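Right, one structure below, let's go through it.
The values are calculated or read from the model by the stated rules, or taken from the named source; none is laboratory data. From a predicted model like this one, the values you see are computed outputs, not experimental measurements. Here Cβ is always computed from backbone atoms with ideal geometry, including for glycine, and neighbour counts include all displayed protein chains. Please note that ligands, DNA and RNA were not included when accessible areas were found on the heavy atoms of the full protein model with its side chains. Shrake-Rupley method; radii C 1.70, N 1.55, O 1.52, S 1.80 Å.
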Amino acid sequence: MYARAFADVYEAAPENVRNMFTKRLFDVIDKNGDWSRAERIIREIERFITKKQGGREVQLEFARPVPLALINELKKRFRAVDRIDVSVNTSLVAGVRIVIDGERELDNSMARKLKDMFKKEL
Amino acid sequence: MNYDLVEKLKKELQGYRNSVKLEKIGTVVEAGDGIARVSGLTEAMSQELLLIENSRGEDIPAIAFNLEESFIGAVVLDSAQSVSVGAKVKSTGRVLSIKVGKELIGRVVDPLGRPIDDKGALFHHPEDADDYLLERSAPSVVDRESVNAPIQTGIKAIDAMIPIGRGQRELIIGDRQTGKTAIALDAILNQKNDTARKTPICIYVAVGQKESKVAKIVKVLEEAGAMKYTVVVSAPASAPASLQFLAPYAGCAIGEYFMDQGQDALIVYDDLSKHAGAYRELSLLLRRPPGREAYPGDIFYLHSRLLERAAKLDKKHGGGSLTALPIIETQLGDVSAYVPTNVISITDGQIYLESQLFHQGVRPAVNVGLSVSRVGSAAQTKAMKKVAGKLRLELAQFRELAAFVQFASDLDPETKRRIERGQLLTEILKQNDREPLPIEEEVVVLYAALGGYFDGMPLQQIKETEGKFIQYLRALHKETILEPIQKTGEFTPDMEAMLKGAIEEFKRSENL
């Protein structure tokens, strides 16, 4: 709710008043005692703004830390408006998992391959 | 390292093909009470099977129930406790189905088709199983034909006055502890007695029942040899509401499989009140707006789409049938409550059980005045039709006069005679549970009672005399009277004359 309202107003507002909106958002969060959810709200705002600008939210998950050069190389394959988030997820065992807009997934991890091998049909 | 594991890995690796593809996924944003709210999966279908990956990497099945603007309300079908926020959800592109086949006969399964009777796995050979959708459209009007063959329950009161046909939907309704399950169980047990027709496959669906009760029913069926043609689908009271909701549909899918094979099937839904309760629970948790008695708006459709799947198919479609005996539990005899009226209006008649009759010792406690079968009479055997034609009328006349029973000594002889006849017929219609009678024995007993051969006999002696009479006919007139009625379903004047003679002979031998 916060995220959607803020993203709508922020986009439509002139540059000079945007800082004021940001301050007001934090005032409202403070007033409602929602600081525990602040991180999630900010993440959602980022998502809304990225979407409004026509970008995609891309999550790159690696099984272990990878060289910066490789990350930069991968980032180049996406557009400038896309929001790219890189993280390390050791449960992948090996390989990489890419999630776009939280809806589409390309899983090339060892964990997925092992799971496929032992998968039981429902 | 475990040697078996290494061997298994080697074996799996040999046939493994790595295929990486872009998959549609969602994320659990809220979980609890067997419900998960999922973000993403914007193209999911209603009733689509979803797989939620829990923290142990296992896939937990769920069904997409509510498709909202940005979320999906999904009902978790298995260990909902292991589903946590942030879990990955995959769509499968298919709606929920169950594996069906002949191997199911004699087994107890859960609503997802998994065996729960410790008799081992089902369908070792995939070619033995078919996939049947749990939610499926009912057969169309042109694929059906009128009900024309009877399904014998073995209960005199029902087979004589409320006959049920193959493909019919007959509701069994009554308060708690009035013998609803006993009637359904007798109907299943009696199928092996009906040798004139092919034994139907019976499916007993237990919804929200005590596990001890289900175990007892399975034991009764096993002891009577009825599990040879019966499948039990169990979603007991301890099962999540989602499984209780699915159980009747799973049972129906199993029944449809046999119907599509050209066989007859009989399905008992025990009971749809608890099924409606489970659906209400799910709907409220999914935040669907509550209506009358807090049931959701589509509670009628919940049962109509289930019961419409019971049908008698025409010859072109194999001629199979699915007969449904749904059970509804009323509260203090209130048949005008929401769910009972719905199911009464959907079904082709009802067997109404009264707790007052039950406590008076009339068992089965069928109220013949309020019970009706709308299509079954067309399927009733000619023998029964001929014999029991005036039974309903005589009982109706008795009911009108029943209030005067206590003044019997002051009444005119005609009224007195009618009361006595009514009492005798009521006594004749009493029957212990798990003692269903074959149709030919029902016919001869009712013929003797309605023909006035038991008139004047003390009421306490009726039961014993009836038993002796049946034993007598089984011993001396099996080939001449009982078998011809059973095989032909007719009661010709010759048979009638022979039966009259046999009754007279029996009365002489017993000094009656």
DSSP-defined beta bridges in the protein assembly as shown - what % are antiparallel, rounded to 5: 60
Mind listing which trypsin sites (Lys or Arg not before Pro) in the range B:57-125 are in a DSSP loop and have 16 or fewer other Cβ atoms within 10 Å? B:LYS119
Let a ≥ b ≥ c be the square roots of the eigenvalues of the Cα gyration tensor of the range A:39-81; is it rounded (a/c under 1.5), or, if not, prolate (a/b larger than b/c) or oblate? oblate
log10 I(q)/I(0) for chain B, Debye formula on C-alpha points only (no solvent), q = 0.13 Å⁻¹, two decimals, reads -1.24
In chain B, taking the dipole from +1 charges on Lys and Arg beta carbons and -1 charges on Asp and Glu beta carbons about the Cα centre, the listed residue (B:GLY57, B:VAL443, B:HIS303) farthest towards the positive end is B:GLY57
Using 0.36 nm times the number of residues separating A:THR22 and A:MET110, minus their current alpha carbon distance, what extension gain do you get? 27.4 nm
Antiparallel bridge percentage (DSSP; both residues within chain B; nearest 5): 60
Can you compute the modelled spin-label distance between A:MET117 and B:VAL95, with each label point 7 Å from Cα toward Cβ, in nm? 3.8
Would you mind calculating the relative contact order of the range A:2-52 from Cα pairs under 8 angstrom and at least 6 residues apart, reporting the percent as a whole number? 61
Between chains A and B, total accessible area buried, probe 1.4 Å, no ligands or nucleic acids, nearest 100 Å², roughly 2000
Just list whichever of A:LYS52/B:LYS24; B:LYS192/B:LYS430; A:LYS51/A:LYS113; B:LYS180/B:LYS210; A:LYS51/A:LYS115; A:LYS113/B:LYS99 have alpha carbons separated by over 24 Å in the model shown. A:LYS51/A:LYS113; A:LYS51/A:LYS115; A:LYS113/B:LYS99
Grab the beta carbon distance between B:GLU504 and B:GLU222, set R0 = 56 Å, and tell me the FRET efficiency rounded to 0.05. 0.85
Between B:THR488 and B:MET45, how high is the FRET efficiency from 1/(1 + (r/R0)^6) when r is the Cβ-Cβ distance and R₀ = 56 Å? Nearest 0.05. 0.60
If the only charges are +1 at each Lys and Arg Cβ and -1 at each Asp and Glu Cβ, what is the size of the charge dipole of chain B around the Cα centre, to the nearest 20 debye? 320
Just the number, please: carbon plus sulfur as a percent of the accessible area of the protein assembly as shown, 1.4 Å probe, no ligands or DNA/RNA counted. 52
With charges only on Cβ, +1 for K and R and -1 for D and E, what is the dipole size of the range B:114-182 about its Cα centre, in debye, rounded to 20? 460
Under 15 Å from B:LYS312, Cα to Cα: aspartates and glutamates that are on another chain or at least 8 residues apart: B:ASP143, B:GLU145, B:GLU170, B:GLU256, B:ASP260, B:ASP264, B:ASP348
Sites matching trypsin sites (Lys or Arg not before Pro) across the range B:1-35 that sit in DSSP coil, with at most 12 neighbouring C-beta atoms within 10 Å: B:ARG17, B:LYS21
Computed over the range A:2-52, the distribution of all Cα-Cα distances in 10 Å bins, rounded to whole %, is 25, 58, 17
With +1 assigned to the C-beta of every Lys and Arg and -1 to the C-beta of every Asp and Glu, and no other charges, what is the dipole magnitude of the range B:300-349 about the Cα centre in debye, to the nearest 20? 360
Of the residues B:VAL100, B:ALA74, B:ALA44, the Cα lying farthest along the dipole of the range B:34-114 towards its positive end, which is defined by charges on the beta carbon of Lys, Arg, Asp and Glu, belongs to B:VAL100
May I ask you to derive the FRET efficiency for B:LYS468 and B:SER137 from their Cβ-Cβ distance with R0 = 41 Å, giving the value to the nearest 0.05? 0.20
Row for the range B:368-512, column shape: gyration tensor on C-alpha, a ≥ b ≥ c, rounded if a/c < 1.5 i.e. under 1.5, prolate if a/b over b/c, else oblate; value oblate
The range A:57-121, Rg to Rh (Cα coordinates; Rh as Kirkwood inverse mean 1/r): 1.02
Which aspartates and glutamates have a Cα lying under 13 Å from the Cα of B:LYS487, excluding residues fewer than 8 positions away in the same chain? B:ASP194, B:GLU440, B:GLU441, B:GLU479
Calculated from DSSP helices alone, with each H run of at least 4 adding -39500 (n - 2.57) and the total divided by the residues of chain A, [θ]222 nm to the nearest 500 comes to -15000 deg cm²/dmol
DSSP-loop GluC sites (Glu not before Pro) across the range B:384-468, with at most 11 other Cβ within 10 angstrom: none
Can you give the longest stretch of chain A with no exposed loop site, where a site means chymotrypsin sites (Phe, Trp or Tyr not before Pro) in a DSSP loop (not H, G, I, E or B) with at most 16 other C-beta atoms within 10 Å? A:1-77
